[in-house]
Amino acid sequence: KVLEKAKIHTDAISSCSLLCADGQDLMISVSLDGSLLAHTVDLVVQSSSLSEDPSKRGLAGTLSRFPYLGLSQARAPPRSKLTPFRKHTASDPLACLSLTNDGSSGHIVFAGGHDDVVLAYGITSACAVASVYSHRDAVTGLDIIQRPSTMAGNAIWTDISTHLMVSGSWDATVKVWSVAVATGETVSINREPLAELFDADSTIICLSASYVLGTGLAIAAGCTDGSFVVWLCHDDGTKVVIHKEPPRRGSGPCSSLKWTEQMGSVYLFAGFSTGRLSSHVLSNGVLERASAVSIGVGVKCIEIIDGALLAGCSDGGLRLLPLRDGAYFDSKPTLWNAVNGKLSPGLTCISSAISITNELGYPRLICATGGEDGSVALFELKRAY
């Protein structure tokens with residue numbers, strides 16, 4: 001169910017993130033036009049729809065409830081779901097972002113760009129709150145990991161750190177940073193990285209990281225030659241390459257990586273510009289291939305949602321692939337064409353969040369996609385009954 005389509009940037013959207021928390025719904029985006037934008041998102045369900053039968057919330061059920069409506073009936077123009085809230089302009093293109101909170105009502109956006117700097121921007125403060133010169137080339141991948149509440153200090157988690165920041169760059173390196181975030185959107189980034197990883201053989205263009213209790217920090221970085229590298233940074237400070245996917249002739253870049261954890265199992269998903277998708281299982285420090293499929297068109301970005309994988313593609317289509325047992329591609333994908341508009345701009349990023357914006361309190365799965373033309377589409381995914 002499409003909620004909104006709008007062009008909000010003047011160049012490709014490189015990354016976006018939905019935030020649905022504390023009674024405030026926001027969409028954050030960064031672009032190659034150098035801007036970081038925060039929009040408030042109006043997801044409130046109108047009172048007339050609150051009494052509907054939950055079994056009819058699917059798209060097919062929604063359409064079946066609307067018979068012919070007289071065209072002569074006057075209607076007020078629909079109100080935009082997106083309202084500009086914050087804006088920051090960098091001197092160079094911005095390529096990636098990651099979002100976290102300050103433990104209270106504040107939220108911080110970490111954004112990396114072509115000026116080799118990672119910037120921390122406070123949403124409430126409406127200003128930059130910290131930065132670090134992180135790499136010798138553009139920062140193209142970024143992930144922020146919040147410290148587990150029971151984690152004691154060790155080689156990875158210092159006594160004062162509340163988060164780990166993992167960055168990847170065109171300089172073919174990955175770095176891990178200690179970050180302290182406090183109430184009031186106060187941020188301190190240690191300028192000396194905790195770890196520097198040099199095992200990638202090509203320019204890094206995507207990155208995903210996840211902290212696995214009892215194992216350590218798992219990092220995956222994808223490269224322009226189609227390869228990707230996976231490291232484990234153990235709590236004692238040791239760093240090990242546990243997987244190195246070799247490049248394949250004509251395979252194109254590894255364009256997207258995503259860690260996810262379900263029922264105690266840890267999975268890694270990878271998407272490639274050739275249309276190939278693969279899944280892997282991390283167990284006892286070993287990464288094993290689980291499943292693979294080709295969808296026939298270049299994959300630009302992926303997101304894992306409620307037992308399925310969403311793939312944003314170069315043809316402007318969004319494809320949903322059900323997952324069996326957490327990691328196995330099980331059927332043909334469902335396709336939605338031209339998600340961001342009739343001109344079908346290639347999709348560059350996907351974000352999803354659960355929002356509760358109605359009196360009945362049932363959760364809604366909200367997604368956003370960013371496009372190569374600077375457009376964004378906001379929509380709700382429902383099961384069609």
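One line per residue, one yes/no per condition, for (1) in contact with a Leu (Cβ under 8 Å, 6 or more places away or on another chain); (2) crowded, with 21+ Cβ neighbours inside 10 Å; (3) part of a strand (DSSP E or B):
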{"position": "Arg79", "(1), (2), (3)": "no, no, no"}
{"position": "Cys96", "(1), (2), (3)": "yes, yes, yes"}
{"position": "Ala120", "(1), (2), (3)": "no, yes, yes"}
{"position": "His135", "(1), (2), (3)": "no, yes, no"}
{"position": "Val166", "(1), (2), (3)": "yes, yes, yes"}
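Filtered by the rule that a residue be assigned to a strand (DSSP E or B) and in contact with a His (Cβ under 8 Å, 6 or more places away or on another chain), segment 29-43 gives Ser29, Ser31, Ser35, Leu36, Leu37.
For segment 255-273, the set of residues classified as out of contact with any Pro (no Cβ under 9 Å at 6 or more places or on another chain) and under 14 Å from Thr224 (Cα atoms) consists of Ser255, Ser256, Leu257, Ala270, Gly271, listed by residue number.
Whether any residue in segment 336-348 is free of Cβ contacts under 8 Å to residues at least 12 places away in the same chain and not basic (Lys, Arg) is what I want to check. No - not one qualifying residue is present in segment 336-348. Just so you know, in segment 15-30 the residues that are under 13 Å from Val109 (Cβ atoms) and of a type in the set (S, T, N, Q) include one that is surrounded by the fewest Cβ atoms within 10 Å (Cβ to Cβ), and it is Ser17. Tallying residues that are basic (Lys, Arg) and within 21 Å of Ser314 (Cα to Cα) within segment 224-267 yields 3.
Checking each residue in segment 322-351 for being buried (at least 19 other Cβ atoms within 10 Å of the Cβ) and outside any loop (DSSP other than H, G, I, E, B) picks out Leu323, Phe329, Leu347, Thr348, Cys349, Ile350, Ser351.
Residue count for segment 1-14 satisfying the condition of being part of a strand (DSSP E or B) and either surrounded by 21 or more Cβ atoms within 10 Å (Cβ to Cβ) or touching a Gly at 6+ places or on another chain (Cβ under 8 Å) (or both): 4.
Every condition in (1) modelled with pLDDT of 95 or more; (2) in contact with a Phe, Trp or Tyr (Cβ under 9 Å, 6 or more places away or on another chain); (3) of a type in the set (Gly, Ala, Ser) holds for Gly374 except the one numbered (2). Just one residue in the set Ser256, Ser294, Ser283 is among the polar types (S, T, N, Q) and surrounded by 19 or more Cβ atoms within 10 Å (Cβ to Cβ); that residue is Ser256.
So that you can scan it fast, the table gives a plain yes or no per residue for (1) modelled with pLDDT of 95 or more; (2) among the aromatic types (Phe, Trp, Tyr); (3) touching an Asp or Glu at 6+ places or on another chain (Cβ under 8 Å):
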{"site": "Ile144", "(1), (2), (3)": "yes, no, no"}
{"site": "Met151", "(1), (2), (3)": "no, no, no"}
{"site": "Val166", "(1), (2), (3)": "yes, no, yes"}
{"site": "Ser169", "(1), (2), (3)": "yes, no, yes"}
{"site": "Thr183", "(1), (2), (3)": "yes, no, yes"}
{"site": "Thr186", "(1), (2), (3)": "yes, no, yes"}
{"site": "Pro193", "(1), (2), (3)": "yes, no, no"}
{"site": "Ile205", "(1), (2), (3)": "yes, no, no"}
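The values are calculated or read from the model by the stated rules, or taken from the named source; none is laboratory data. Note that the structure is predicted; figures quoted are calculated from it, not measured. Note that we place each Cβ from the backbone using ideal geometry, even for glycine, and neighbour counts take in every protein chain shown.
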